[in-house]
Amino acid sequence: MGGIGSNKIAHNPVKYNLHHGLPAIGTWISLCSPASAESMARVGWDWLVIDVQHSPVGFDTMVNSFRAAQLGGAVPMARVPWNDIVWMQRILDAGALGLVIPMVNSAEDAEKAVANTKYGGSGIRSFTSGRISSYADTSDYGGDYTDWANDNIAVIPMIETVQAVKNAEAILSVEGVDGCFIGPRDLAISMGVKPHETGPGSEHEAMMMSVLEAGKKVGTAVGKHCDDADEVNERIAQGFQFLALASDAGMMIKMATSQFKAVRRP
Ligand code: 3PY
Ligand code: MG
């Protein structure tokens with residue numbers, strides 16, 4: 001058993017961090033490019049989320065992006081399009097070691113997200129020896145993959161509506177939820193506030209902090225999407241753990257824009 005790129009993955013380091021009070025920091029892959037995933041992974045992020053909800057990524061490209069992330073040493077994860085067994089099962093069989101599930105608004109939604117991800121018991125995932133099972137156990141027909149998957153695949157519901165914030169403690173108390181991820185923009189939309197009405201001192205910020213408090217109370221990790229490294233550092237200090245720093249597309253455009261503006265034409 002070894003690291004994320006080896007033949008046998010000992011354990012999922014993202015899940016380990018979330019359960020041991022440590023941060024797990026990554027970025028979003030929205031460019032629909034395995035080359036981007038591979039290069040980003042080699043930067044050193046703990047994980048990469050392939051955004052299957054909001055990028056136009058195709059299924060084959062998503063699978064190759066998982067491979068590329070793993071090759072570069074980052075835990076391959078996906079934001080699934082919806083809390084839906086059809087999508088979640090296929091994306092797990094394709095090799096995601098963690099799922100970020102949008103718009104989880106209640107404990108019932110969270111229970112469904114967990115069930116969609118797990119085998120046996122209250123789980124409804126169906127088995128085949130997919131590509132990732134051989135990284136858990138190389139014996140015939142998946143070996144102990146089902147137990148390994150139940151133990152190691154991270155389940156991270158998104159809290160991104162007013163209703164979800166109100167239900168945060170219940171959502172974060174559901175067995176099998178490894179952490180939550182706040183979607184600040186959808187939360188703002190749900191609150192009916194504009195971007196300039198968010199930030200320090202705002203009701204929007206207070207809502208996000210109340211989710212963090214709920215997480216601390218029940219002992220479940222909380223995360224959020226951040227704009228830049230300064231925010232990631234600030235959020236770590238506050239106690240957030242699962243932190244996304246922007247996206248490959250966002251960082252490319254930001255850097256390209258600043259470089260383009262810096263060029264002096266004769
Ligand atoms: C949001 O801000 O709504 C998000 O989903 C960020 O990932
Ligand atoms: Mg969102």
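Couple of notes before you dig in:
- Built amide H within the under 5 Å cut-off of Ile9, gap 5+: Gly2, Ala136
- The relative contact order of the chain, computed from alpha carbon pairs under 8 Å that lie at least 6 residues apart in sequence, is 19 percent.
- FRET efficiency for Ile236 and Gln163, using Cβ-Cβ distance with R0 set to 25 Å, rounded to 0.05: 0.35
- The alpha carbon convex hull volume per residue for segment 66-160 rounds to 90 Å³.
- Shape annotation for segment 103-251: C-alpha extents along the principal axes are 56, 34, 24 Å, from largest to smallest.
- Accessible area of segment 183-266 belonging to carbon and sulfur atoms, whole % at 1.4 Å probe: 59
- Checking the Cα-Cα distances for Lys15/Lys224; Lys194/Lys217; Lys166/Lys217 against a 18 Å cut-off, the pairs over it are Lys194/Lys217.
- Using θ = phi - 60° in the Karplus curve 6.51 cos²θ - 1.76 cosθ + 1.60, the 3J(HN,Hα) couplings for segment 104-119 round to 8, 9, 8, 4, 4, 4, 5, 4, 5, 4, 5, 4, 5, 9, 10, 9 Hz; x is entered for Gly and Pro.
- Ratio of Rg to Rh over segment 5-108 (Cα coordinates, Kirkwood Rh, two decimals): 0.96
- Net dipole in debye of segment 1-126 [+1 Lys, Arg Cβ; -1 Asp, Glu Cβ; about Cα centre; nearest 20]: 300
- Gap separating the Cα centres of segment 205-231 and segment 49-77, nearest whole Å: 25
- Residues whose amide H falls under 5 Å from that of Ile182, counting only those 5 or more places apart or on a different chain, are Ile159, Gly223, Lys224, His225, with hydrogens built in the peptide plane.
- Mean separation of Cα contacts under 8 Å (6+ apart) over length of segment 1-90, as relative contact order %: 29
- The chain, accessible area per residue, ligands and nucleic acids excluded (1.4 Å, Å²): 45
- Fraction of accessible area attributable to carbon and sulfur, segment 1-121 (%, probe 1.4 Å): 54
- If R0 equals 30 Å, the separation of the Cβ atoms of Ala229 and Asp151 corresponds to a calculated FRET efficiency of about 0.40.
- Taking the helices alone, the chain has a mean residue ellipticity at 222 nm of -13500 deg cm²/dmol, built from -39,500 (n - 2.57) per DSSP H run of at least 4 residues and averaged over all its residues.
- For the chain, the fraction of alpha-carbon pairs lying more than 27 Å apart is 35 percent, rounded to a whole number.
The values are calculated or read from the model by the stated rules, or taken from the named source; none is laboratory data. Note that the coordinates shown come from a computational prediction; the quantities given were computed from them, not determined experimentally. Cβ atoms come from the backbone with ideal geometry, glycine included; neighbour counts cover every protein chain shown. The accessibility values were calculated without ligands, DNA or RNA, using every heavy atom of the protein model including side chains. Shrake-Rupley method; radii C 1.70, N 1.55, O 1.52, S 1.80 Å.
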